[in-house]
Amino acid sequence: MPTAWGPLTDEQLEARRIVGINAETVTHTSANDIPGHYGPQQDDTWDLDRFTQQLKVDFHQNEPYDAVFSLVGVDASIANAFRRILVAEVPTLAIEDVFVFNNTSIIQDEVLAHRLGLIPLTGGEEGLQWMRWFRKPPPKDDYAAQATFEEEGHDPSESVPSDYNTVVMTLDVECRWATTELDGRDGKALAKAGSTDPEER
């Protein structure tokens, strides 16, 4: 290890300890406690015992369905791994299948279905508790996926939509130009004049 390096300054230690959240960037997210990485006059190789001693979870709010906590003493990559696990494993209610009967808007069916799937949905705790998992069956022409699905031993009723595993919502809206007869203004004339307010047109 080089001996010419001096000890870390307070600014360098602070940069290692805190992740910087800036207007357009996030700084100081790289880990230095990895094998083969050495700091000035110190050995920063990864150590399990030191990791377990430094890791701390501070709960700011811990309710059955809502928790807020801080991971202290852990690298940003590990914290991101925890975040991805939570996103993947926590049950959520989301729009998955969209059936379009009549779409007269300028938005294509696929784009509209994708945007509907991005809407965060909330529900009552009691209703979500008695809901069951819905496991979407694999496509009929994907024989490998079907074989894997059957080997996993899923209950066939899990793949049949029912009141216990499916929520059906209907979207019935109309987008039209404002008219003098109904709204007291001509939406098309306002648009030609340069108006960009959708509520005005």
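Table for the structure above
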quantity	calculated
Principal semi-axes in Å for segment 113-187 [√(5λ), Cα gyration tensor, largest first]	42, 19, 10
Carbon and sulfur %, accessible surface of the chain computed with the full protein complex present, 1.4 Å	54
Pairwise label distance in nanometres, ALA145 with GLN108, each label 7 Å out on the Cα-Cβ vector	2.1
Per-residue ³J(HN,Hα) for segment 144-150, Karplus 6.51 cos²θ - 1.76 cosθ + 1.60, θ = phi - 60°, Hz, x for Gly and Pro	5, 5, 5, 5, 5, 4, 6
Normalised contact order of the chain, rounded percent, pairs of Cα under 8 Å and 6 or more residues apart	9
Solvent-accessible area of HIS154 with every protein chain in place, 1.4 Å probe, in Å² to the nearest 10	50
In Hz, Karplus ³J(HN,Hα) per residue of segment 58-63 (6.51, -1.76, 1.60; θ = phi - 60°; x = Gly, Pro)	9, 8, 8, 8, 9, 10
Relative contact order %, segment 56-172, counting alpha carbon pairs below 8 Å whose residues are six or more apart	15
Gap separating the Cα centres of segment 106-122 and segment 180-197, nearest whole Å	27
Size-normalised alpha-carbon gyration radius of the chain, reference 2.2 N^0.38 Å	1.65
³J(HN,Hα) computed for each position of segment 103-115 - Karplus, 6.51 cos²θ - 1.76 cosθ + 1.60, integer Hz, glycine/proline x	10, 9, 7, 7, 8, 5, 4, 5, 5, 5, 5, 5, 5
Nitroxide proxy distance, nm - points 7 Å out along Cα→Cβ at ASP47 and THR196	5.9
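The values are calculated or read from the model by the stated rules, or taken from the named source; none is laboratory data. These numbers were taken from a predicted model, which means no experiment stands behind them. Quick reminder, even Gly has a Cβ in these numbers, built from the backbone with ideal geometry, and neighbours come from all protein chains shown. Side chains included, ligands, DNA and RNA excluded: accessible areas come from the protein's heavy atoms. Shrake-Rupley method; radii C 1.70, N 1.55, O 1.52, S 1.80 Å.
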